[in-house]
Amino acid sequence: MDCPTCGAGMSPDPAPGGEATNGTVAAVLESRPRWRCVNGHDAGPVIDHERARQQVETAVPVARRRRLRGGDVCVACGSVLSMPVRRTVWPVTLTDPARRAAVTLTYDVPVTRCPSCGSSQVPTRSADDLLAVVDELVPRE
């Protein structure tokens, strides 16, 4: 990637991360790197907002809402989720499209386990909170 201002090569420059809490979800982003050239020109964030949301949606399974009786069903097998919810630390690696830089977004989320297949997933009541935290930590530019 070349600098749009001077044409020099760009590299990820580390910047401080952040913390956010929304509803039942808390998260810590280890850093917010930005593309910079050797002359100090800034070409924006390495991890863009839409890509971060997409990677979180892919990495963290969210249960599905049960239609008629309420409650949640497993995203993997469709069984009713009857086990209690527990707090879990769930790391998600965010990368740029070329995979030249990676940062870790660490969630503290409520998680339930499927009694049939054993897969862990976030209850539907916390699904919006997952993405709201990303919106706060990786803003649109």
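Remarks
- Selection of region 46-86 for residues being open to solvent by 70 Å² or more (accessible area, probe 1.4 Å), among the polar types (S, T, N, Q) and farther than 19 Å from residue 132 by Cβ yields only 82.
- Here residue 43 fulfils each of the conditions (1) under 30 Å from residue 10 (Cα atoms); (2) modelled with pLDDT of 95 or more; (3) in a strand (DSSP E or B); (4) open to solvent by 30 Å² or more (accessible area, probe 1.4 Å) apart from (2).
- Test: residue 12 is farther than 18 Å from residue 135 by Cβ, in a strand (DSSP E or B) and under 12 Å from the mean Cα position of the chain (by Cα): no
- Residue 66 vs. criteria in contact with a helix residue (DSSP H, G or I) (Cβ under 6 Å, 6 or more places away or on another chain) and of a type outside the set (Phe, Trp, Tyr): no
- Some residue of region 98-121 being free of Cβ contacts under 8 Å to residues at least 12 places away in the same chain, of a type outside the set (S, T, N, Q) and either in a strand (DSSP E or B) or within 30 Å of residue 15 (Cβ to Cβ) (or both): yes
- Verdict on residue 6 being open to solvent by 50 Å² or more (accessible area, probe 1.4 Å), of a type outside the set (Phe, Trp, Tyr), touching a residue at least 12 places away in the same chain (Cβ under 8 Å) and touching a His at 6+ places or on another chain (Cβ under 8 Å): yes
The values are calculated or read from the model by the stated rules, or taken from the named source; none is laboratory data. Keep in mind the model is a prediction, meaning the values are calculated, not measured. Every residue, glycine among them, receives a Cβ derived from its backbone with ideal geometry; neighbour counts consider all protein chains shown. Heads up: the accessible areas ignore ligands, DNA and RNA and are worked out on the full protein's heavy atoms, side chains in. Shrake-Rupley method; radii C 1.70, N 1.55, O 1.52, S 1.80 Å.
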